[in-house]
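Student: I'd like to ask some things about the structure below.
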Amino acid sequence: MSNTHSLSFSAGQAAASQARAGSLAGIPAEKLSNSDLVLLCQEGLRPDRAAFAELMRRYQVHVEKILYHLAPDWQDRADLAQEVWIRVYRNVKRLNEPVKFRGWLSRIATNLFYDELRKRKRVREPLSLDAPRTLDDGEMDWEIATDMPGPEEDLTTREFYDQLREAIADLPEVFRTTIVLREIEGLAYEEIAEITGVSLGTVKSRIARARQRLQLQLQNYLDS
């Protein structure tokens, strides 16, 4: 009985989405909401060109920002960004909730990075971060002091960066993903749960364990 009800509800949602998409015909893409653009892209055999182009215009910087933070030294980030949009184009019909497009897009970009990282078969420097300082609430402050460092301080900073990159590269993939989304992208725990497809409790646990590992490996620098 419950399964029949669920199927009926899904069919009703699909019908409502189709009706909504039909009512959007003729409205300039730039005047539509993000979710309405997604609905248009989900209609027909292929995504609506104008709607898809507008989604790209609105979210291109977001994709570039994610890839930059994950791989600042990769020279082919533009190619990766293009591949992100190819994946979006091919899979947009699978997105059940158009209002969650941003989180879904972030997940595609993040997954693409790790797919490419595995293909390259060697550890790259996935992040470029300023020196973190542990705060009272357990958060990590990634801002570095603004005073101009002397030669010795500059050398220590470079050594710290090297150790930080190695420490992040050594993190299990699930920890690395969550720490990037939290500390670099500044996303809320709820957003990270949506992007990674795990529970809120799992997200908090992964971030806490990632911080613990990083702090343990970088203890000598954090204490100095």
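Quick note: the coordinates plus some simple rules give every number you see, no bench work behind them. What you are looking at is a predicted structure, and each value in this text was computed from that prediction instead of being measured. We place every Cβ from the backbone using ideal geometry, glycine too, and count neighbours over all the protein chains shown.
Student: List, in the order given, every pair from Lys93/Lys204; Lys100/Lys204; Lys119/Lys204 whose Cα-Cα distance in the structure shown is over 25 Å.
Tutor: Where the Cα-Cα span goes over 25 Å, the pairs concerned are Lys93/Lys204; Lys119/Lys204.
Student: For Arg118, Arg77, which order do you get if you count the other beta carbons within 10 Å of each Cβ and list the fewest first?
Tutor: Ascending number of Cβ neighbours within 10 Å: Arg118, Arg77.
Student: Further question on the same structure: Determine, for each peptide in 58-64, 208-214, the mean count of other beta carbons within 10 angstrom over its residues, then list the peptides with the highest first.
Tutor: Packing order, densest peptide first, comes out as 208-214, 58-64.
Student: Next question, about the same structure. Using the Karplus equation 6.51 cos²θ - 1.76 cosθ + 1.60 (θ = phi - 60°), what ³J(HN,Hα) coupling, rounded to whole Hz, does each residue of region 52-66 give in order, writing x for Gly and Pro?
Tutor: Result, rounded to whole Hz: 5, 4, 5, 4, 4, 4, 6, 10, 4, 5, 4, 5, 4, 5, 4.
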